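Below is one structure, written out as structure tokens, with a few remarks after it.
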Amino acid sequence: MADHGTEGRAPRVIFGGVEGSQRARGLRLAALPLAVVTTALLTIANLEAFNFVEAGLVGLGTLAVVAAGLLGIGLGLSRGRRRPRRIGSALLLSVMASFVLGGVIARAQRSESLARGDEIADALMAFATVQGELPVDLTALVPAYLDDIPATRMGLFREVPYSYARLAPDSYRLVFASGFFSHCQRGVDMPWRRGH
């Protein structure tokens, strides 16, 4: 329905009682929650993927979001429509934002996990000083050297434990998963080191 108003002015187009510019603003605002939700879901998925299958599923999900974003932008450009372009752009921005946000959170989690691991390493050395050798497993440290065995800070909804191996009476390896395909490890004379 067109409102022809006064002469000399371009007619306003009204869609279902909403003026065209108001409708466009609504479409822009509708893309924002989509971007926020997609960013949150991708970030959580990335931070919870610790094995090959989980990492593969997260990778496929991310590729699907990128493909949907590119498809939306392509359709919007080829058909001259704003809505698919906005939705496609929101999806692509959400993928980039999830990588940045996930990286910031993962670095903070890794830093806290290293500090907790240092507490375990100190307790191991205190045990070895008193007992003459390292314990067979970490439970020997409780309650004399640690109140409990801390878990890493990796992961959002599940605990990711430290893995301890006594290599010899005076040598050990303490390891934790710091994301898919990577881990951090340390030993008696080896500071924390990241590996793949």
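Coordinate-derived values only; no laboratory data. Everything quoted here is computed from the prediction, not taken from an experiment. Here Cβ is always computed from backbone atoms with ideal geometry, including for glycine, and neighbour counts include all displayed protein chains.
Whole number please: convex hull volume per residue, Cα atoms of the stretch 107-195, in Å³.
Numbers: hull volume 7.9 nm³, N = 89.
Here the figure is 89 Å³ per residue.
With a point put 7 Å past each Cα toward its Cβ, work out how far Arg173 is from Leu93 in nm, to one decimal.
4.6
What does the charge add up to near Glu133, with Lys and Arg as +1, Asp and Glu as -1, over the other residues with Cβ less than 12 Å from its Cβ? Please report the intermediate quantities before stating the final value.
On the way: positive: Arg166; negative: Asp170.
Taking every other residue near Glu133 into account, the sum is 0.
Please give the Cα centre distance for the stretch 113-140 versus the stretch 147-169, rounded to the nearest Å.
A separation of 12 Å, based on Cα centres.
Using R₀ = 45 Å, calculate the FRET efficiency as 1/(1 + (r/R₀)^6) where r is the Cβ-Cβ separation of Val130 and Glu159; round to 0.05.
Numbers: r = 29 Å, r/R0 = 0.63.
Efficiency, rounded to the nearest 0.05: 0.95.
What dipole magnitude, in Debye to the nearest 20, does the stretch 107-195 give about its Cα centre under +1 on Lys/Arg Cβ and -1 on Asp/Glu Cβ?
540
List the residues, sorted by chain then number, that are 5 or more residues from Arg153 or on another chain and whose placed amide H is less than 5 Å from its amide H.
Counting only residues 5 or more places away or on other chains, the set is Ser113.
When the chain is fully extended, how far beyond the present Cα-Cα distance does Arg193 get from Ala40, taking 0.36 nm per residue of separation?
Result: 52.1 nm gained on full extension.
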